[in-house]
Amino acid sequence: MKKKLYEIVYEDKDLIIVNKSAGLLVTADRWDSEAPRLDKILEEALLKKEPEAKIYPVHRLDKETSGLIIYALNAEAHKILNDDFQNRRIEKIYHAVSAGCPREENFKSEARLKIDGDKMHRTLIDEKKGKDSLTEFSLLKKLGRFSLLEARPITGRTHQIRAHLKHLGLPILCDSLYGNGEPVYISALKKNWRGDKYEERPIISRLALHAHSLKFFHPISREKIEIKADYPKDMASLINQLSKL
């Protein structure tokens with residue numbers, strides 16, 4: 001069965017909210033201009049219904065992050081949503097599975113971040129030249145030697161959650177840039193696992209980060225909107241398996 005790339009969870013004449021799968025770009029990529037892109041896929045679908053349809057990006061998600069993303073459908077909504085993001089009036093909540101456990105249930109990182117700071121284009125901690133950054137975290141559940149965390153980025157730096165969690169000694173599982181990038185296998189978690197290691201498939205092999213919910217006011221009507229996206233199959237399975245440890 002072909003993997004579903006996205007699901008529309010909200011749509012009106014001004015904006016569209018999509019729950020995207022991991023592995024799909026949300027906008028142009030400087031390294032691969034031919035790679036499938038959510039904005040173009042959506043625009044092509046909308047053009048079949050409305051000849052003048054256009055997609056306006058207002059924020060981003062990393063390719064390997066699953067979950068919710070908003071696109072505006074006209075210039076007025078685009079301008080207002082951009083302003084709301086700039087002025088931190090849109091609440092974005094992410095869930096991540098990390099290696100290690102925090103010492104407190106609620107904590108934060110204010111480490112200053114330098115974007116595109118090395119040859120691997122990572123975001124680095126740089127207290128002198130970095131930009132002010134703030135992420136608030138909560139421990140949702142201990143999972144053995146791992147943790148299910150909620151992350152609330154107050155600022156919007158590239159790779160902010162990933163860089164801050166690495167800095168705190170809590171790298172996100174399967175993060176190839178800020179962690180060890182290794183897939184998670186049941187055989188590595190359970191000492192008495194009796195399966196065939198040559199046939200075993202990983203529980204998850206991509207960044208264990210999910211854009212879980214959005215809270216904001218509609219750019220035109222100013223009606224309050226709250227949207228949540230369930231975990232995709234791989235992340236739900238990961239949390240389920242780790243809960244049994």
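Below is a table of values for the structure above.
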quantity	calculated
From LEU170, LEU207, LEU189, residue being within 20 Å of GLY67 (Cα to Cα), in contact (Cβ under 8 Å) with a residue 40 or more places away in the chain and of a type in the set (A, V, I, L, M, F, W, C)	LEU207
Scope the range 121-152; condition part of a strand (DSSP E or B), under 20 Å from GLY100 (Cα atoms) and of a type outside the set (A, V, I, L, M); matching residues	THR135, GLU136, PHE137, SER138, LYS141, LYS142, PHE146, SER147, GLU150, ARG152
Answer from LEU134, LEU124 - the residue that is out of contact with any Ser or Thr (no Cβ under 8 Å at 6 or more places or on another chain) and either buried (at least 17 other Cβ atoms within 10 Å of the Cβ) or modelled with pLDDT of 95 or more (or both)	LEU124
Subset tally (residues that are surrounded by fewer than 18 Cβ atoms within 10 Å (Cβ to Cβ) and assigned to a loop (DSSP other than H, G, I, E, B)) for the range 22-58	18
Qualifying position, being buried (at least 21 other Cβ atoms within 10 Å of the Cβ) and among the basic types (Lys, Arg), among ARG162, ARG152	ARG162
Set LEU173, LEU139: member being buried (at least 17 other Cβ atoms within 10 Å of the Cβ) and within 15 Å of the chain's Cα centre (by Cα)	LEU173
Some residue of the range 158-166 being among the basic types (Lys, Arg), within 22 Å of PRO202 (Cα to Cα) and within 20 Å of the chain's Cα centre (by Cα)	yes
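The values are calculated or read from the model by the stated rules, or taken from the named source; none is laboratory data. Source: prediction; values computed, not measured. Note that we place each Cβ from the backbone using ideal geometry, even for glycine, and neighbour counts take in every protein chain shown.
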